[in-house]
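Just below is one structure, and these are the notes that go with it.
The values are calculated or read from the model by the stated rules, or taken from the named source; none is laboratory data. Owing to the predicted nature of the structure, the values given are computational and were not obtained by experimental measurement. No Cβ is skipped: glycine too gets one built from the backbone with ideal geometry, and neighbour counts run over all protein chains shown.
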There are 2 protein chains.
Amino acid sequence: MKIALGQINTTVGALEKNARKMLDYVAQAKGKADVILFPELAIPGYPPKDLLELSGFVEANVRTLNQFAEQIEGIDVIVGFAEPNREPSGKPCFNSAAIIRDRKIISVHRKSLLPTYDVFDEGRYFEPSQTQELVQITGRPVGVTVCEDVWNDKDSFPRPLYKIDPLQVQVNMGAEYIMNISASPYHLEKWEERHKLLQNEARKYHKFVIYSNLVGGNDELIFDGRSVIISPQGEVMARAKDFEEDLLIFDLDSKEPIIRSSSVSRIENAKKALVLGIRDYVSKCGFSKVHMGLSGGVDSAVTCALAVEALGPENVLGVLMPSQYSSDHSVIDAVALAKNLGIRHEIIPIKHVFDSYREDLRPIFKNAAEDVTEENLQARVRGNLLMALSNKYNLLLLSTGNKSELAVGYTTLYGDSCGGLAVISDVPKTMVYELAKFINRDREIIPQNTIIKPPSAELRPGQKDSDSLPAYEILDPILEAYIEDNLDVDQIVQHTKADRELVRKILLMVDRAEYKRKQLPIGLKITSKAFGFGRRMPIAQRYNHH
Amino acid sequence: MKIALGQINTTVGALEKNARKMLDYVAQAKGKADVILFPELAIPGYPPKDLLELSGFVEANVRTLNQFAEQIEGIDVIVGFAEPNREPSGKPCFNSAAIIRDRKIISVHRKSLLPTYDVFDEGRYFEPSQTQELVQITGRPVGVTVCEDVWNDKDSFPRPLYKIDPLQVQVNMGAEYIMNISASPYHLEKWEERHKLLQNEARKYHKFVIYSNLVGGNDELIFDGRSVIISPQGEVMARAKDFEEDLLIFDLDSKEPIIRSSSVSRIENAKKALVLGIRDYVSKCGFSKVHMGLSGGVDSAVTCALAVEALGPENVLGVLMPSQYSSDHSVIDAVALAKNLGIRHEIIPIKHVFDSYREDLRPIFKNAAEDVTEENLQARVRGNLLMALSNKYNLLLLSTGNKSELAVGYTTLYGDSCGGLAVISDVPKTMVYELAKFINRDREIIPQNTIIKPPSAELRPGQKDSDSLPAYEILDPILEAYIEDNLDVDQIVQHTKADRELVRKILLMVDRAEYKRKQLPIGLKITSKAFGFGRRMPIAQRYNHH
């Protein structure tokens, strides 16, 4: 059997555009493959979220599917769509795979396992399938499943989430090939976990596993592609590109593997993910140009370098907004960065505006001591200046806060948090430095001084992050244990060897900053648990972390 | 049988505090009632959201339940808690009701139907019960269910969401009394729908329905209480207070109804809901004082009047920030409002700061024409001034945008959207006027001129909302049809008789403003569909609304 993996980048809601893209892939694969697989929900785009609840949306996706199907001949096509549920009870849709042959939908296979955790809300929209079926492709019985349906293997998960294993049922029914269409988002190390699971399943059942994944950024989610074909011996025989569209055609009789994806290190993966996430968010929102504040610090430098890689230097503007508390180096380092990246920059000192605020507030504040008010005010003057440029020149503002500072609330709401996309909001500070070094691997792009100087918000004379926070090498493991692993105080103390009172204090800082994170822009997810859609914490809550 | 309804206001995460409150209610009911019912998930508070995923949280809630149970004697207690799922597969918890008698938990009944739509995410956390049981109370068989379990009656819903009806099963098993513990949030007309459903079920099965509901604000959700006892003839025999805690004791043999809740009109209900929502959000976040910008317009006037009712005039500060485009009346009207409400006010003109921004941006903007940039800048100067006051005096800033303007993006991000709580973000503009008139029912609190003048953002000379938007009497029905009823263009045209191109344009405006709404503060929900947690729209999407 000759397989084509149509690893495409869909746009949510752009039904016709998604279908046109697939017709183009079908044309390229025809004559070379017996069947082409597209990703989960490729017609409506993934994740369609509450668009599924709009009258007419699901019907429009069915119309688009039917028009698409009418143009298919000479190759079988497997494609994901939202199928209306015509039964008298239950959720309004199924998350289904259509199998198309000779201008007709010959079979529809519904997803059985509906992920409803982290960023996934499928139980909100879809009714699970209660049955499994096979379909004949090139005369052989094939089990077609959708994404999560292959993620309940009892040998891989000590505590399965679901009571049934659709894959096992299909193999028991006589499936000779396992095909799966997915929209499985990237996070660090996720692809290795994903491929290991599929390899275990191929070996366990001694079947080919043919797996087609989505690629591209959709709001906070980044899909890494890496569609794969695994032999019954568990060997990866074909692997599509990472973080790029790809059409991969592979003859299952071939002994010669085709391995296209290249990123190996965790950091290279993270960098590619963030670059794709920026490019797709900006373009799918209808923008082409971005800007950001450049403080001379490592967060804005990394954000800027990623944006330049995503969009080109001609589409990125750096804005320097020094205050009376800024070190000389903050301007020198930011200008050097702009020069190294070949981007335009502007300098707008904030003292004048800042002083005008202070003057106008004096009748009310009288002789009140300076405090966090004046620190935040400076950050907010910068936010306003950046938003003025955004409005005047139709630039999408990138915000530059890292995960560590957003976690503990070490950020100014309506100040440095302003923007349309929070590029590194899921990158802990220690990993920001790793990214900086990776970006500099061939030549100095981010000035060395930006990397080696102690982190500071520079909002009062001589301020350092370490005045009010533990060193990031101590903070980040505590935050990871709490946010990604949901550990409690005792477990975190045991795991990190940190001081118990410090741990408890940090957990309460994270909880108390929830109101700030509620108001952040979309942030690109690269860890197993990002702030945002996948982490749903109450704000007005009083859990005590004993 | 003598019933006590313990209609309490829980705090999410405050396990011991919630238990202490219930012990106090138990002490009051002992000797007067055979059984007291508390709300759903009363131990952890509702909704606990992802706190349920933290290691130790569910165990701590079980510990609290056990300590609570040890103190119970002389009365049966029914109380909601999160029960760990000890089975080898499935979600980690059940949403359960514990029945406590003589210091012991004698029975645990698990929720079968898990709402996973709108603001509800229960499929994310809980495993559904597969079985139904009865418990003996005063020697009679009682069916105890949790909230949604009574919401799948096939005679009330044309298309049931779930395949089973736990209530019917329990009645078939011989339940003589129907008891339900709930956390059913308020929205306009919801309580009538809720009571009608329960009345239908009481009549259909010819049983007493005993229904205990939560009261209080928890982030965006407002629970209205109105716990109720309904006779087998469908008559409301007892109804607890609305929007207040209550302990209602009722003998089922009594013929004399006890009806405590008083609000009748839709607007009085909405006003009480918003007042409770403000009071609880502010206090459960640990604040006591609030402030807001007063523009002289109706949105800020209504917000301010609600805040004064919630917190008292001594805890509310009004801030007037006129610009060169403000009409004289904007200051006069705002001062009159402050005087009528008895609150302190401050005046900070924004021209000086605004001019300093313009001056500093001139080298970049050069001779670019004034546009929305300068309008937004004024709103953002106000946002910064308000946040400076918030930081200096520990005031929680209330934002004052209404639902209509947030829908179409007629709001300045980081400007008038700044704040910790968006009080009227779910109140359409036409209803803001209704609230204003209701607030003025006895005497003029909101100046008449605020109510009668044409709405304007006053961000450029002579600006009126009607320059760029249709009249709110036309806009609001279109928005309601789209946002609350999910209708498509054709359906909205048919429903509202509005122009087709106008409808399509408005729907696209709503979609394109999603990025702004992503960054709003928590907003109090009073309609069937509010922006925020219950409406999950993708941002980078391109659905075309044919």
Practice prompt. Inspect all residues belonging to the stretch A:250-258 and state whether any of them is in a loop (DSSP other than H, G, I, E, B) and closer than 28 Å to A:GLY13 by Cβ.
Written response: no
Worksheet item: Only one of (1) surrounded by 15 or more Cβ atoms within 10 Å (Cβ to Cβ); (2) at positive phi fails for A:VAL290. Which number is that?
Response: (2)
Discussion item. Polar (S, T, N, Q), assigned to a helix (DSSP H, G or I) and in contact (Cβ under 8 Å) with a residue 60 or more places away in the chain: is that true of A:SER404 in this structure?
Written reply: yes
Worksheet item: So is B:ASN449 modelled with pLDDT of 95 or more and at the interface with chain A (Cβ under 8 Å from one of its Cβ atoms) or not?
Response: no
Discussion item. Whether any residue in the stretch A:92-105 is without any contact (Cβ under 8 Å) to a residue 24 or more places away in the chain and either over 23 Å from the mean Cα position of the chain (by Cα) or over 25 Å from A:ARG239 (Cβ atoms) (or both) is what I want to check.
Written reply: no
Discussion item. Any residue at all in the stretch A:316-334 that's farther than 20 Å from A:GLU458 by Cα, part of a helix (DSSP H, G or I), touching a helix residue (DSSP H, G or I) at 6+ places or on another chain (Cβ under 9 Å) and modelled with pLDDT of 95 or more?
Written reply: no
Worksheet entry | Subset of the stretch A:188-230 (residues that are within 13 Å of the chain's Cα centre (by Cα) and surrounded by 24 or more Cβ atoms within 10 Å (Cβ to Cβ)) | A:LEU214, A:VAL215, A:GLY216, A:GLY217, A:ASN218, A:ASP219, A:GLU220, A:LEU221, A:ILE222, A:PHE223, A:ASP224, A:GLY225
Discussion item. Out of everything in the stretch A:335-372 that is part of a strand (DSSP E or B) and surrounded by fewer than 17 Cβ atoms within 10 Å (Cβ to Cβ), what residue ends up being nearest to the other protein chains (Cβ to nearest Cβ)?
Written reply: A:ILE347
Discussion item. Out of A:ASN61, A:ASN18, A:ASN95, A:ASN85, I need the residue that is at pLDDT 95 or above, on the phi < 0 side of the Ramachandran plot and away from chain B (no Cβ under 14 Å). Which one?
Written reply: A:ASN95
Worksheet item: Which residues, taken from the stretch B:188-219, are assigned to a loop (DSSP other than H, G, I, E, B) and at pLDDT below 95?
Response: B:LEU188, B:GLU189
Item to complete: From (1) in contact with a helix residue (DSSP H, G or I) (Cβ under 9 Å, 6 or more places away or on another chain); (2) touching a residue at least 40 places away in the same chain (Cβ under 8 Å), pick out the condition that doesn't hold for A:VAL58.
Response: (2)
Worksheet item: Restricting to the stretch A:286-311, what's the tally of residues that are among the β-branched types (Val, Ile, Thr) and either assigned to a strand (DSSP E or B) or more than 23 Å from A:LEU188 (Cα to Cα) (or both)?
Response: 1
Worksheet entry | Residue match in the stretch B:531-541 (condition: of a type in the set (A, V, I, L, M, F, W, C) and more than 7 Å from chain A (Cβ to nearest Cβ)) | yes
Worksheet item: Here are some residues: B:SER261, B:SER283. Which one is part of a helix (DSSP H, G or I) and either out of contact with any His (no Cβ under 7 Å at 6 or more places or on another chain) or under 28 Å from B:LYS529 (Cα atoms) (or both)?
Response: B:SER283
Worksheet item: Of everything in the stretch B:386-421 that's touching a Phe, Trp or Tyr at 6+ places or on another chain (Cβ under 8 Å), at the interface with chain A (Cβ under 10 Å from one of its Cβ atoms) and surrounded by fewer than 23 Cβ atoms within 10 Å (Cβ to Cβ), which residue is nearest to B:ILE539 (Cα to Cα)?
Response: B:ALA388
Worksheet item: A:HIS345: modelled with pLDDT of 95 or more and either over 30 Å from A:SER283 (Cα atoms) or not hydrophobic (A, V, I, L, M, F, W, C) (or both), yes or no?
Response: yes
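Let's see how each residue does on (1) within 30 Å of A:ASP426 (Cα to Cα); (2) within 14 Å of another protein chain (Cβ to nearest Cβ):
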residue: A:TYR125; (1), (2): yes, yes
residue: A:ARG140; (1), (2): no, no
residue: A:ASP155; (1), (2): no, yes
residue: A:PRO160; (1), (2): yes, yes
residue: A:TYR186; (1), (2): yes, no
residue: A:LEU197; (1), (2): yes, no
residue: A:SER212; (1), (2): yes, no
residue: A:PHE223; (1), (2): yes, yes
Response to the item:
Of the residues in the stretch A:407-451, those that are among the small types (Gly, Ala, Ser) and touching a residue at least 40 places away in the same chain (Cβ under 8 Å) come to A:ALA407, A:GLY409, A:SER417, A:GLY419, A:GLY420, A:ALA422, A:SER425, A:ALA436
Response to the item:
Checking A:GLY74, A:GLY123 in turn, the sole residue that is of a type in the set (Gly, Ala, Ser) and under 24 Å from the mean Cα position of the chain (by Cα) turns out to be A:GLY123
